[in-house]
Amino acid sequence: MIDYIHQSTEEIARQLLGKILIHKTPTRFYSGYIVETEAYLGIEDMACHSYAGRRTPRLESMYKLGGTIYIYTMHTHQMLNIVTKKAGDPQAVLIRAIEPIDGLEWMERNRKTTGLTVCNGPGKLTKTMEITKILDGDVINKVHY
């Protein structure tokens with residue numbers, strides 16, 4: 001099990017590689033190996049939403065305890081992040097890509113494509129696995145690794 005509080009965000013990003021991401025909807029079961037992640041290092045990281053202490057209602061999940069799901073929308077795509085660190089220290093790991101295991105037929109239907117491009121990007125993987133903003137603020141037990 002990964003410690004989402006006491007390790008560096010970069011280390012957590014590395015540890016997530018090869019883990020299995022599982023998402024269950026009321027009618028489907030999806031899973032895949034995490035093959036790409038990206039660490040966001042909080043208020044000092046210019047690429048991070050919480051850079052310079054920015055805090056808006058949209059970012060509240062970033063400020064929660066490590067293991068919280070933070071989902072944001074970018075260009076109509078949902079982006080799945082796992083918050084790291086103690087509450088109030090807004091760091092997270094973006095899950096960028098997976099290699100499908102279960103549910104590939106439905107993943108391909110959801111994306112209307114087949115092959116390697118089905119979930120080789122953060123917006124693609126959330127669409128293929130039906131991961132939505134509804135999970136924002138939940139704890140990791142709804143999206144397993």
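The values are calculated or read from the model by the stated rules, or taken from the named source; none is laboratory data. Here the structure is a predicted model, which means the values were calculated and not measured. Cβ coordinates were reconstructed from backbone atoms using ideal geometry, including for glycine residues, and neighbour counts include every protein chain displayed.
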Next on the checklist: Looking at (1) outside any helix (DSSP H, G or I); (2) touching a residue at least 40 places away in the same chain (Cβ under 8 Å); (3) among the charged types (D, E, K, R), which one does E60 not meet, given that it meets all the others?
Outcome noted: (1)
Next on the checklist: One residue is enough: does the stretch 16-34 have a residue meeting the conditions under 19 Å from P122 (Cβ atoms), charged (D, E, K, R) and modelled with pLDDT under 95?
Outcome noted: no
Checklist entry - Which residues, taken from the stretch 1-57, are in a helix (DSSP H, G or I) and free of Cβ contacts under 8 Å to residues at least 40 places away in the same chain? => result E10, E11, R14, Q15, E44, Y51, A52, G53, P57
Item to check | Selected residue (only one of M107, M62 is in contact with a Pro (Cβ under 7 Å, 6 or more places away or on another chain), within 18 Å of I12 (Cα to Cα) and either surrounded by 14 or more Cβ atoms within 10 Å (Cβ to Cβ) or at pLDDT 95 or above (or both)) | outcome: M62
Item to check | Subset tally (residues that are free of Cβ contacts under 8 Å to residues at least 40 places away in the same chain and of a type outside the set (A, V, I, L, M, F, W, C)) for the stretch 77-119 | outcome: 11
Checklist outcome for this item: Every listed condition ((1) under 19 Å from V139 (Cβ atoms); (2) surrounded by 13 or more Cβ atoms within 10 Å (Cβ to Cβ)) holds for H49 save (1)
Next on the checklist: Checking P57 against (1) farther than 16 Å from L135 by Cβ; (2) at pLDDT below 95; (3) in contact with a strand residue (DSSP E or B) (Cβ under 7 Å, 6 or more places away or on another chain); (4) surrounded by fewer than 20 Cβ atoms within 10 Å (Cβ to Cβ), only one condition comes out false. Which one?
Outcome noted: (3)
Checklist entry - Among the residues of the stretch 6-46, which ones are closer than 13 Å to V93 by Cβ and among the hydrophobic types (A, V, I, L, M, F, W, C)? => result I12, A13, L16, L17, L21, I34, A39, L41
Next on the checklist: Out of everything in the stretch 82-109 that is in contact with a Cys (Cβ under 9 Å, 6 or more places away or on another chain) and not in a strand (DSSP E or B), what residue ends up being farthest from R54 (Cα to Cα)?
Outcome noted: M107
Checklist entry - Does I22 qualify as being of a type in the set (A, V, I, L, M, F, W, C) and closer than 15 Å to E130 by Cα? => result yes
Next on the checklist: Just to be sure before I move on: is K142 surrounded by fewer than 22 Cβ atoms within 10 Å (Cβ to Cβ), at pLDDT below 95, under 17 Å from the mean Cα position of the chain (by Cα) and of a type in the set (K, R) in the structure I sent?
Outcome noted: yes
Checklist outcome for this item: Within the stretch 110-129, the residues that are touching a Phe, Trp or Tyr at 6+ places or on another chain (Cβ under 8 Å) and either in a helix (DSSP H, G or I) or surrounded by fewer than 19 Cβ atoms within 10 Å (Cβ to Cβ) (or both) are T128
